[in-house]
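Q: The structure follows.
Here, each number is a calculation from the coordinates, and none is a lab measurement. Note that this is a predicted model, so its numbers are computed, not measured. Cβ: placed from backbone, ideal geometry, glycine included. Neighbour counts: every protein chain shown.
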Amino acid sequence: MTAPPPVPGTGPDGLSASAGPPGPPGPRTGHHTRFDAYVDRYATRTRGMTASEIRALFSVASRPEVVSLAGGMPSLSGLPLDAVAATVRDLVATRGATALQYGSGQGEPGLRQQICDVMAIEGVDGHPDDVVVTVGSQQGLDLVTRIFCDPGDVVVCEAPSYVGALGVFRAYECEVVHVEMDGQGLIPEALRQALARLAEIGRRVKFCYTVPTYHNPAGVTLTAARRAEVLAICADYDVLVIEDNPYGLLGFAGEPPRPLRADEGGRVVYLGSFSKTFAPGLRVGWVLAPHAVREKLVLAQESSTLCPPAFSQAVVSAYLADHDWRGQVKQFCELYRERRDAMLEALTEQLPTGARWTRPDGGFYVWLTLPAGLDAKAMLPRAVTARVAYVPGTAFYADGFGSRCLRLSYCHPTPERIREGVRRLAAVVERERELRETFGAGAGPPHLETGYESPTPDLT
Ligand SMILES: Cc1ncc(COP(=O)(O)O)c(C=O)c1O
């Protein structure tokens, strides 16, 4: 095979090239590029592994002069760090020989019991034997997809969907079918239609992945009535449900919504995490799964990491046992509610007509739809120049849709910074709108000239 000439910026196989190390010494076989000498060695599945739009943004968005409304980092400033430090010191001094040792592939039994107590707050009745501790719920997603999905298998998920889940599905070469949402979450009728269509053409759906509560990125919550409908539809079509619930305890009003898993044990695989209620740096999450699935997950976990980190588990376990962690979660809720309010008020005051957005009852995110004709991805460089960052909506779709939308996070910046960020964003949106009004579609990004515009389901 003749090697194609290297193309600056991309590898010949469509992978984006990186300025990696020069080629290894000795004779070279196959083709290579100036940018990536290993390009002809990668497995086919790496083609789906491209930097997410969030990743590409991080270097710019983390500059102090930029107000980042992009990342989903929890605010840790409220954590009692001195008390946590004392717990960690004590842990190493008194139980270091076990806390720093390898542990069980399923996770420590004591922590698994505590996880069941945490889930019980939301009404989930799980048994510690059915819990597998993971390296964040992100690894839970990875293990679940690994044990269920072969290349080409269909996974159904919301439109839009959590970008990290889409990355996992891509890495395992799944085909993602998006199902529409509105202000009340996933639309049951749309789910039924999608499953019926897939059944008709003989495609087996491996699972339906959903974030029913305080959705990332949409900021909406599936209503109680729809929860029952979604479960019934998945039962009709014999489809597993993967319920991802990292934000359930971070609500701003009343009791947390009842997870799907609380009402259906046999069909729902539930993912939880301490990243948003305690500390993402510890990387402790979990999966609660039907017994047989749990067996496979433990095998997959063992081949992946041998065991989840014993030290992180011990820190989480001690934190849950020795601190008023529920009081801390309440404080987080207050903090995020104040920030949500600051963002919604600023959006109402500043954004031009034609823009609309969701009003989250919990979690970290607002989903914003721009005035007709605007493109959030094309606008991003202008926004970053104006010192505000967000995540363009296309990051949350497997199929390139979502161009008119963007995700705003209010979890990390202070209310003052949020207001300033929205003020900057509003100015950018206004300018884009004026340009478009003055020069028409030609002022927009190239694909708008074709008249094509992504569907923008009304989530508000
Ligand atoms: C919906 C959703 N699932 C999973 C994760 C991953 O979280 P973890 O830190 O537990 O891996 C996130 C993180 O933002 C998320 O928003």
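Q: Just rank HIS178, HIS291, fewest to most, by other beta-carbon atoms within 10 angstrom. The partial results should precede the final answer.
A: On the way: HIS178 21, HIS291 11.
With the fewest neighbours first, HIS178, HIS291 line up as HIS291, HIS178.
Q: Need the C-alpha centroid separation for segment 268-292 versus segment 59-110, integer Å.
A: 15
Q: While we're here: So for each of 184-197, 93-106 I average, over its residues, the number of other beta carbons within 10 Å; can you give me the resulting order with the highest mean first?
A: The packing order, highest mean first, is 184-197, 93-106.
Q: Given Cα positions, please report Rg to Rh for the chain, the hydrodynamic radius being the Kirkwood one. Write out the running numbers ahead of the final one.
A: Details: Rg = 23.0 Å, Rh = 23.6 Å.
Ratio of gyration radius to Kirkwood radius for the chain: 0.97.
Q: Which one, LEU288, ALA93, LEU141, projects farthest toward the positive side of the charge dipole computed for the chain from Cβ point charges (K/R +1, D/E -1)?
A: ALA93
Q: What whole-number distance in Å separates the alpha-carbon centres of segment 173-200 and segment 340-394?
A: Each part reduced to its Cα centre gives a spacing of 26 Å.
Q: Write down the percent of antiparallel bridges among all DSSP beta bridges whose residues are both part of segment 176-273, to the nearest 5. Walk me through the numbers on the way to the answer.
A: Numbers: 2 of 10 bridges.
Within segment 176-273, antiparallel bridges account for around 20 percent of the total.
Q: Considering only ILE201, CYS174, VAL211, whose Cα is most displaced toward the positive end of the charge dipole of segment 148-228, charges sitting on Cβ of Lys, Arg (+1) and Asp, Glu (-1)?
A: VAL211
Q: If you add up the charges near GLY152, with Lys and Arg at +1 and Asp and Glu at -1, over every other residue whose beta carbon is less than 14 angstrom from its beta carbon, what do you get?
A: +2
Q: In debye to the nearest 20, how big a dipole does segment 100-239 give about its Cα centre with +1 on each Lys and Arg Cβ and -1 on each Asp and Glu Cβ? Could the numbers behind the result be given before it?
A: On the way: 10 positive and 19 negative charges, 45 e Å.
Value, rounded to 20: 220 debye.
Q: Right, next: Which order do the peptides 137-147, 59-69, 430-440 take when ranked by the mean count of other beta-carbon atoms within 10 Å per residue, highest first?
A: Going from most to least packed, we get 137-147, 59-69, 430-440.
Q: For labels at ALA253 and ASP117 in the simple 7 Å Cα→Cβ model, what's the distance in nm?
A: So the two model labels end up 3.2 nm from each other.
Q: Once amide H atoms are placed 1.01 Å from N in the peptide plane, what residues at a sequence separation of 5 or more from HIS178, or on another chain, have their amide H within under 5 Å of its amide H?
A: Under 5 Å from the amide H of HIS178: CYS157.
Q: Of all DSSP beta bridges located in the chain, what percent are antiparallel, nearest 5?
A: 50
Q: Nearest 500 deg cm²/dmol is fine: what mean residue ellipticity at 222 nm does the chain get from its DSSP H runs of n ≥ 4 alone, each adding -39,500 (n - 2.57), divided by its residue count?
A: Helices in the chain give a 222 nm mean residue ellipticity of -12500 deg cm²/dmol.
Q: Based on alpha-carbon positions alone, could you give the equivalent ellipsoid semi-axes of segment 65-163 from the gyration tensor, as √(5λ), descending, whole Å?
A: For segment 65-163, the ellipsoid semi-axes come out as 30, 24, 15 Å.
Q: In debye, nearest 20, what is the charge dipole magnitude of the chain about its Cα centre with +1 on Lys and Arg Cβ and -1 on Asp and Glu Cβ, if you could check?
A: Details: 45 positive and 52 negative charges, 216 e Å.
For this selection, approximately 1040 debye.
Q: Under 17 Å Cα to Cα from LYS206, which aspartates and glutamates show up? Leave out anything in the same chain fewer than 8 places away.
A: ASP142, ASP150, ASP153, GLU158, GLU173, GLU175, ASP236, ASP238, GLU243, ASP244
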